[in-house]
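The values are calculated or read from the model by the stated rules, or taken from the named source; none is laboratory data. These numbers were taken from a predicted model, which means no experiment stands behind them. Ideal geometry is used to build each Cβ from the backbone, glycine not excepted, and the neighbour counts take in all protein chains shown.
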Amino acid sequence: MKKLAVLLLAVLPLGAGAQNQPKDPTTLRGVLLDELRSTHNKAEWFVPVNTAVSGLTAEQAAWSPGQGNHSVGQLAYHLWFWDEQSLLKFKGEKAMPFSGNNDDTFNNFNPAQWDELVKKLDATMTEWEKAVESADDAKLAANAATITRISTHNAYHIGEILYVRKLHGMWDSNKGVK
């Protein structure tokens, strides 16, 4: 009996502390929203895109680490293009014109439109979250793999954005990623 009492005393503090921890999502919708938000504006394991692109001038966004490498602006345009294309398809709407050449999704970046691009990227990611929140379970199940790949794709390129910013000395490590 004494061993049982010691065991209970050892376990109780863990159980009490666990109640204060944020719970991981337990539904498909919750998981998809959690993934989308973590690459959009919810800092957790890595820096979200809103933080990654904030505070840059158009000139800074256009800087590239050299030929064959992308600028922050090109990477942000690429993310916006594919997130928007996928969202339009998910909603059953007509996709934007696309040449079929993925390089165009980087090379169509225009520094004069940097501030607008940052707003469009944020708006598209917000629309993705709303679409997932309002979709029925069957639609979510049918599109879950695509939505998770969007989040993975976003995370990959956000890492590139941070790397480019660090190479150019344009990153404040207090915002994450030392």
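For segment 136-152, the set of residues classified as among the small types (Gly, Ala, Ser) and without any contact (Cβ under 8 Å) to a residue 12 or more places away in the chain consists of 138, 142, 145, listed by residue number. Against the definition (among the hydroxyl-bearing types (Ser, Thr, Tyr), at pLDDT below 95 and over 18 Å from the mean Cα position of the chain (by Cα)), how does residue 57 come out, yes or no? Spelling it out, it is not the case that residue 57 is among the hydroxyl-bearing types (Ser, Thr, Tyr), at pLDDT below 95 and over 18 Å from the mean Cα position of the chain (by Cα). Assess whether residue 109 counts as being in a loop (DSSP other than H, G, I, E, B), touching a helix residue (DSSP H, G or I) at 6+ places or on another chain (Cβ under 7 Å) and surrounded by 13 or more Cβ atoms within 10 Å (Cβ to Cβ). When the stated conditions are applied, residue 109 passes them.
Taken over segment 47-101, the residue count meeting the criterion of being outside any loop (DSSP other than H, G, I, E, B) and in contact with a helix residue (DSSP H, G or I) (Cβ under 8 Å, 6 or more places away or on another chain) is 26.
Being among the basic types (Lys, Arg) and not in a helix (DSSP H, G or I) is the requirement here; does residue 119 meet it? Considered against the rule, which asks whether it is among the basic types (Lys, Arg) and not in a helix (DSSP H, G or I), residue 119 comes out as no. Counting the residues of segment 129-174 that are among the aromatic types (Phe, Trp, Tyr), over 11 Å from the mean Cα position of the chain (by Cα) and at pLDDT 95 or above gives 1.
Screening residue 100 with (1) surrounded by 12 or more Cβ atoms within 10 Å (Cβ to Cβ); (2) more than 18 Å from the chain's Cα centre (by Cα) gives one miss only, at (1). Whether any residue in segment 85-105 is closer than 24 Å to residue 42 by Cβ, of a type in the set (Ser, Thr, Tyr) and free of Cβ contacts under 8 Å to residues at least 24 places away in the same chain is what I want to check. No. Here is the figure for segment 64-84: residues that are more than 13 Å from residue 107 (Cα to Cα), touching a residue at least 40 places away in the same chain (Cβ under 8 Å) and over 18 Å from the mean Cα position of the chain (by Cα) total 1. Of all positions in segment 38-45, at least one carries a residue that is in a helix (DSSP H, G or I) and in contact with an Asp or Glu (Cβ under 8 Å, 6 or more places away or on another chain). Answer with yes or no whether residue 133 is surrounded by fewer than 19 Cβ atoms within 10 Å (Cβ to Cβ), over 23 Å from residue 170 (Cβ atoms) and in contact (Cβ under 8 Å) with a residue 60 or more places away in the chain. For residue 133, the condition - surrounded by fewer than 19 Cβ atoms within 10 Å (Cβ to Cβ), over 23 Å from residue 170 (Cβ atoms) and in contact (Cβ under 8 Å) with a residue 60 or more places away in the chain - is met. Would you tally the residues in segment 132-178 being basic (Lys, Arg) and either closer than 18 Å to residue 77 by Cβ or outside any helix (DSSP H, G or I) (or both)? Qualifying residue count, segment 132-178: 2. Taken together, 94, 23 contain a single residue that is over 19 Å from residue 153 (Cα atoms), basic (Lys, Arg) and either modelled with pLDDT of 95 or more or under 19 Å from the mean Cα position of the chain (by Cα) (or both), which is 94.
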